[in-house]
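No value in this document is a laboratory result; all are computed from the given coordinates. Note that the structure is predicted; figures quoted are calculated from it, not measured. FYI the Cβ positions are ideal-geometry reconstructions off the backbone, even for glycines, and counts take in every protein chain you see.
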Amino acid sequence: MIEIYEKLFKAFGPQHWWPGDTPFEIAVGAILTQNTNWGNVEKAITNLKEAKKLNSKALRNISPTKLASLIRPAGYFNIKADRLKHFIDFLADHYNGSMKKMRTEEPLPLREKLLGVKGIGPETADSILLYALEKPVFVIDAYTKRILSRHKLVSEKAAYHDLQDTFHENLPCDVKLFNEYHALFVMLGKDYCRPKPRCEGCPLHPLQ
């Protein structure tokens, strides 16, 4: 697994991911990015910032309708407003609205709590853990699964936790490495390993 990382890092360099000024902003972005591209999420986050609503207290007090209108660029805005509200309530009820307090908890029990929040699945929970809270948890997304299965490193039917275990068992437990590696997979998936692959020039083609 480390050989793949080295090839990708050599080809693309550091990705500086996840963009966000605060852990809270990163967590909000992780929820908003479900089923859309990052450009749309940036527009939604800009709307929240301009409305001075990008903090836990403001988002808890805002009406679902107003929140949905602000995050409209991210798509599925009513559903995502509901999901954000559930996350904000969770943050307020368990950590007094503080991402700093959330960060003091151990990764595994915190992950289970996040998965219990309506609308937060494994990828979103792990994105919050890794990028917002700097916990050593590898994020699995569609790009990662597609790349590994096309190179016959995992089965196309592999479950999320099986893919994640592949990284946890074969890499050092390192936040910076997990962060960079996942971001590099996203870059490779967007530029080369698309649904219709563009193999020419791909840093992993052929994978020796």
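Please report the relative contact order for region 23-132, taking Cα pairs under 8 Å with a sequence separation of at least 6, and give it as a percent rounded to a whole number.
Relative contact order comes out at 32 percent.
On average, how much area does the Cα convex hull of region 147-186 cover when viewed from any direction, in nm²?
2.9
Determine, for Asp141, Asp165, Asp174, the number of other Cβ atoms within 10 Å of each Cβ, and report the residues in order from fewest to most.
Listed from fewest to most nearby Cβ atoms, that is Asp174, Asp165, Asp141.
Can you give me the three principal axis dimensions of region 23-132 from its C-alpha atoms, in Å, biggest first?
34, 26, 20
Roughly how many debye, to the nearest 20, is the charge dipole of the chain about its Cα centre, given +1 on each Lys and Arg Cβ, -1 on each Asp and Glu Cβ, and no other charges?
With Lys and Arg at +1 and Asp and Glu at -1, about 820 debye.
Taking loop as defined by DSSP and a crowding limit of 16 other beta carbons within 10 Å, which trypsin sites (Lys or Arg not before Pro) in region 117-208 fit?
Within region 117-208, the qualifying trypsin sites (Lys or Arg not before Pro) (loop, at most 16 other Cβ atoms within 10 Å) are Lys118, Lys152, Lys157, Arg198.
Remind me, relative contact order of the chain in percent, using alpha carbon pairs under 8 angstrom and six or more residues apart?
24
Give me the mean projected area, in nm² to one decimal, of the convex hull enclosing the Cα positions of the chain.
Mean projected area for the chain: 11.5 nm², to one decimal.
Would you mind computing, in nm to one decimal, how far apart the modelled labels at Lys118 and His16 are, each placed 7 Å from Cα along Cα→Cβ?
Distance between the two pseudo-spin positions: 3.9 nm.
Under a point spin-label approximation (7 Å from Cα along Cα-to-Cβ), what is the His205-Phe9 distance to one decimal in nm?
Rounded to a tenth, the inter-label distance reads 2.5 nm.
Restricting to DSSP H runs of at least four residues, report the calculated mean residue ellipticity at 222 nm for the chain, -39500 (n - 2.57) per run over all residues, nearest 500 deg cm²/dmol.
Roughly -17500 deg cm²/dmol at 222 nm, from the helical runs in the chain.
Within region 4-45, what residues put their amide N at less than 19 Å from the label point 7 Å along the Cα-to-Cβ vector of Ser98?
Counting backbone N atoms under 19 Å from the label point, the list is 22-27.
Only Cα pairs under 8 Å and at least 6 apart count here; give the relative contact order of region 136-207 as a rounded whole percent.
This gives 41 percent for region 136-207.
Suppose the chain between Ser149 and Asp89 were pulled fully straight at 0.36 nm per residue; how much longer would it get relative to their current alpha carbon spacing?
Additional length available on full extension: 17.8 nm.
Return the loop-located trypsin sites (Lys or Arg not before Pro) in region 30-76 (DSSP other than H, G, I, E, B) with at most 15 other Cβ atoms within 10 Å of their own Cβ; answer none if there are none.
Hits after loop and neighbour filter: Lys52.
Where does the longest stretch of the chain lie that holds no GluC sites (Glu not before Pro) found in a DSSP loop with 12 or fewer other Cβ atoms within 10 Å?
1-155
Which of the listed residues, Met102, Ala158, Pro203, is farthest toward the dipole's positive end in the chain, when Lys, Arg count +1 and Asp, Glu count -1 at the beta-carbon?
Met102
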